[in-house]
Amino acid sequence: MFSTVLAALGLAICIALAVHMALPYRTRARVNSAITRLGGWAQTQIDRAAGWRRRQRQARFAALEAERVIRRARESAQQNGRVEGEWDGNVYRPRSFDKPKKPH
């Protein structure tokens, strides 16, 4: 059974290649272009299907890393006595920046 299917597949490929060689140049170029586009589309779909878990894992890792960096910055600010400020999301704004500017 398997050998019959394999033989039929080989025969179909040989016939397709023979027909392709018999085509005029412009038609052959058009067929090649269509096959290339179809191959690119299929590869994109496979990458999309296979890569969603990797993208999800990378996004989760990036969020955890951002939280860790923010927590470390807040803790170092408290340890160094720089608590005279406020946190706006993940941005630290010290009160020393709010001093009025002296005109010259």
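The values are calculated or read from the model by the stated rules, or taken from the named source; none is laboratory data. No experiment lies behind these values; they were computed from the predicted model shown. Counting neighbours? That spans all protein chains shown, and the Cβs are built from the backbone with ideal geometry, glycine included.
Things worth noting here:
Conditions (1) over 30 Å from residue 91 (Cα atoms); (2) exposed (fewer than 10 other Cβ atoms within 10 Å of the Cβ), marked per residue:
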{"site": "4", "(1), (2)": "yes, yes"}
{"site": "9", "(1), (2)": "yes, no"}
{"site": "14", "(1), (2)": "yes, no"}
{"site": "21", "(1), (2)": "yes, yes"}
{"site": "32", "(1), (2)": "yes, no"}
{"site": "41", "(1), (2)": "yes, no"}
{"site": "62", "(1), (2)": "no, no"}
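Condition check ((1) modelled with pLDDT of 80 or more; (2) in contact with a Leu (Cβ under 9 Å, 6 or more places away or on another chain); (3) among the polar types (S, T, N, Q)) across all residues:
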{"residue": "39", "(1), (2), (3)": "yes, no, no"}
{"residue": "45", "(1), (2), (3)": "yes, no, yes"}
{"residue": "56", "(1), (2), (3)": "yes, no, yes"}
{"residue": "71", "(1), (2), (3)": "yes, no, no"}
{"residue": "90", "(1), (2), (3)": "no, no, yes"}
{"residue": "102", "(1), (2), (3)": "no, no, no"}
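- Condition broken by residue 53, with the remaining ones in (1) in a helix (DSSP H, G or I); (2) surrounded by 10 or more Cβ atoms within 10 Å (Cβ to Cβ) satisfied: (2)
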